[in-house]
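Inspection log for the structure reproduced underneath, given as structure tokens.
Values in this text are rule-based calculations from the coordinates and carry no lab data. All values reported here derive from a predicted model rather than from experimental measurement. Note: ideal-geometry Cβ built from the backbone for every residue, glycine included; neighbour counts use all protein chains shown.
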Amino acid sequence: ECVQSGRPLTVMVLDLDHFKQVNDKLGHDAGDKVLVALGKLLKGGLRDGDMAFRVGGDEFVVLMPGATSPVGLRVAERVSKLFAQLTWPLEQPPRPTLSIGVATGRGTDLKKPEEVIRRGDTAMYAAKRAGRARIISYDKLASRGAA
């Protein structure tokens with residue numbers, strides 16, 4: 001759709017920080033509660049037309065058709081803040097947090113949409129390496145030559 005219309009596609013890749021420790025220390029029921037909470041948050045916290053998918057044990061991808069990079073970053077910021085405000089029935093650390101990578105494809109980038117997802121994944125791993133619980137834009141990584 002974005003290829004035909006010429007609109008951008010922004011991808012947000014989210015990874016739950018400390019998810020393995022939640023499962024290991026508190027059990028899979030606690031881990032399931034974290035996943036359900038994030039799923040509900042995404043369902044209610046995204047723009048109309050955005051689509052969220054769980055793509056791995058603790059990883060989600062959000063497709064935002066028509067969203068520019070600044071819009072995608074604002075959505076990521078909102079999701080991150082909402083997630084941080086959730087109350088968990090976890091009496092001890094680790095407290096789950098989100099590392100988020102955001103990437104935007106335009107024009108010829110969209111002929112291979114998986115490339116935009118790969119860029120979002122690269123940005124998400126940069127967020128994890130930078131200390132977790134943060135949002136990193138692939139555009140900023142690329143402009144610094146760090147992508």
Any lysines whose Cα falls less than 30 Å from that of K40, other than same-chain ones fewer than 8 residues away, would be K20, K25, K81, K112, K128, K140
In order over the range 72-80: 3J(HN,Hα) from phi, Karplus 6.51/-1.76/1.60, θ = phi - 60°, whole Hz, x for each Gly or Pro, gives x, 5, 5, 4, 4, 4, 5, 4, 4
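Find, to one decimal place in angstroms, the Kirkwood hydrodynamic radius of the chain, where the mean of 1/r is taken over every pair of different Cα atoms and then inverted.
15.5 Å
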Per the helix-only model, the chain has a calculated mean residue ellipticity at 222 nm (DSSP H runs of ≥4, -39500 (n - 2.57) each, divided over all residues, rounded to the nearest 500) of -14500 deg cm²/dmol
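For Q4 and V55, compute 0.36 nm times the residue count separating them, minus their Cα-Cα distance, and round to one decimal in nm. Don't skip to the end; give the middle numbers.
Details: separation 51, 0.36 × 51 = 18.36 nm, distance 2.59 nm.
Gain in length upon complete extension: 15.8 nm.
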Dividing the surface of the Cα convex hull of the range 71-142 by four yields a projected area in nm² of 5.5 nm²
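If the only charges are +1 at each Lys and Arg Cβ and -1 at each Asp and Glu Cβ, what is the size of the charge dipole of the range 2-143 around the Cα centre, to the nearest 20 debye?
340 debye
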